[in-house]
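Peer 1: I have a structure here, written as C-alpha cells, and I will follow up with some questions on it.
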Amino acid sequence: MTAKEILKELESLGNPSTKKVLLKHGAQEPFFGVKVQDLKKILKKTKKNHELSLALYATGNSDAMYLAGLMADESQISKATLQQWAKEAYWYMLSEYTVPWVAAETPFGFELGLAWIKSKKENIAAAGWSTLASYAALQPDENLDLAVYKKLLTQVAQEIHGAQNRVRYTMNGFVIAVASYISALTAPATSVAEKIGKVNVEMGGTACKVPLATTYIQKVIDKGYIGKKRKSARC
C-alpha cells in the first residue's frame with residue numbers, strides 16, 4: 001500500500017462521532033476521526049514499514065501520523081527523524097503516545113527523553129516525560145540508570161505543580177510508571193506520589209481525569225504487577 005492509498009482508506013473509515021471527540025481533545029484538521037481499532041486493521045496489512053511510516057507522518061494528517069507510529073520500525077528510525085516527529089506532534093495523542101512509544105523502543109530513547117524534558121515547548125517536554133516512562137516499562141532494571149530516575153522523581157516533586165499543563169500530566173504518569181515498573185524505586189516513587197497529591201490539568205472541557213498517582217500505584221501493588229515489564233510500548 002502507498003501513503004495515498006492509505007489516506008483514501010482512512011477517509012472511508014472516518015467516524016464523525018470520533019472526530020468530534022478528538023477535536024475537543026486538541027486534534028486539528030486535516031484528519032478523519034478513525035478509531036484506533038480500525039487503524040490496526042490497516043496495520044495488519046502493512047506490518048512494520050519504515051518508509052511508509054515516514055510518508056504517513058509527513059502528511060500532517062493526525063490519523064495517518066498515529067498510524068505511522070504504530071507502523072514505525074524502531075530498528076530503522078533515526079534519532080533525527082524522531083526529533084523532527086516530536087516537533088511536529090502538535091497534540092497529546094501524538095506527543096505523549098505516538099512519538100514516545102517509538103522513541104522508547106530505540107537504543108537512544110533514554111537519551112532523547114532526557115533531552116526533551118528540558119525543552120520549553122510543552123509538547124516536546126511532555127514527550128520527554130512520556131518517553132522516559134515507557135523506557136522504564138520496557139527495559140530490565142539492570143539496563144536502567146536508577147540514580148537518574150531517582151533524581152527525576154525529585155525533580156517532579158519540586159516542579160510538577162508549576163509546570164506547563166500537559167507536562168504536569170506526563171510528570172504524573174512518569175511517577176506512576178517508575179513506581180510500577182522499577183521495583184527498586186517503588187517506595188521513593190510512592191513517597192513522591194503522596195507529596196504531589198492531586199495534579200490539576202486542564203482537559204479541554206472533556207470528562208477525562210488525571211489519575212491520582214497514589215491510588216493507581218496501590219492498584220498495581222494489589223494486583224502483584226510491580227516490576228512486570230512490557231514487551232512493547234505501543235498499543
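Bear in mind that the values in this text are calculations on the coordinates, not laboratory data. Nothing here was measured: the structure is a model prediction, and the numbers come from that model. We place every Cβ from the backbone using ideal geometry, glycine too, and count neighbours over all the protein chains shown.
Peer 1: In debye, nearest 20: dipole of the range 1-73 around its Cα centre with unit charges on the Cβ of K, R (+) and D, E (-)?
Peer 2: Numbers: 12 positive and 8 negative charges, 61 e Å.
For the range 1-73, the charge dipole is close to 300 debye.
Peer 1: Got a sec? How would Trp129, Trp91, Trp85 order by Cβ neighbour count within 10 Å, fewest to most?
Peer 2: Exposure proxy ranking, most exposed first: Trp91, Trp85, Trp129.
Peer 1: For the charge dipole of the range 1-123, defined by +1 on Lys and Arg C-beta atoms and -1 on Asp and Glu C-beta atoms about the Cα centroid, which residue among Ile117, Leu94, Gly33 has the Cα displaced farthest towards the positive pole?
Peer 2: About the Cα centre, the residue reaching furthest to the positive side is Gly33.
Peer 1: Could you sort the peptides 18-27, 187-196 by per-residue average Cβ neighbour count (10 Å cutoff), highest mean leading?
Peer 2: Top of the packing list down: 187-196, 18-27.
Peer 1: How long are the semi-axes of the equivalent ellipsoid of the range 73-144, defined as square roots of 5 times the Cα gyration tensor eigenvalues? Whole Å, largest first.
Peer 2: In descending order, the three semi-axes are 18, 13, 10 Å.
Peer 1: On to the next question. Each residue of the range 81-86 in turn: what ³J(HN,Hα) in whole Hz from Karplus with 6.51, -1.76, 1.60 and θ = phi - 60°, glycine and Pro shown as x?
Peer 2: Ordered by residue, 3J(HN,Hα) equals 5, 5, 5, 5, 4, 4 Hz.
Peer 1: Related question: Where does the chain land at 222 nm, in deg cm²/dmol rounded to the nearest 500, when only DSSP H runs of n ≥ 4 count, each adding -39500 (n - 2.57), divided by all residues? Intermediate values should be presented prior to the final figure.
Peer 2: Working: 13 runs with 144 residues, N = 235.
Counting only the DSSP helices, I get -18500 deg cm²/dmol.
Peer 1: I would also like to ask the following. Taking amide H positions as placed in the peptide plane 1.01 Å from N, state which residues far from Arg230 in sequence (5 or more) or on other chains have amide H under 5 Å from it.
Peer 2: Hits under the 5 Å cutoff: Leu138.
Peer 1: Now, a different point. Only loop residues by DSSP count here, and only those with at most 11 other Cβ atoms within 10 Å; note down the GluC sites (Glu not before Pro) in the range 15-114 that meet that.
Peer 2: Here no loop site has a sparse enough neighbourhood.
Peer 1: Further question: Over the residues of the range 123-175, compute the C-alpha Rg and express it relative to 2.2 N^0.38 Å.
Peer 2: After normalising by residue count via 2.2 N^0.38 Å, the value is 1.10.
Peer 1: Continuing with the same structure: Given 10 °C and 1.306 mPa s, how large is the Stokes-Einstein diffusion coefficient of the range 1-73 in µm²/s, with Rh as the Kirkwood radius over Cα pairs?
Peer 2: So the translational diffusion coefficient is about 133 µm²/s.
Peer 1: Distance from the Cα centre of the range 84-123 to that of the range 162-213, in angstrom?
Peer 2: Computed from Cα coordinates, the inter-centre distance equals 18 Å.
Peer 1: Okay, next question. Output ³J(HN,Hα) for the range 183-191: one whole-Hz value per residue in order, computed from phi by the Karplus curve 6.51 cos²θ - 1.76 cosθ + 1.60 with θ = phi - 60°, and x for Gly and Pro.
Peer 2: 4, 5, 10, 4, 5, x, 5, 5, 4
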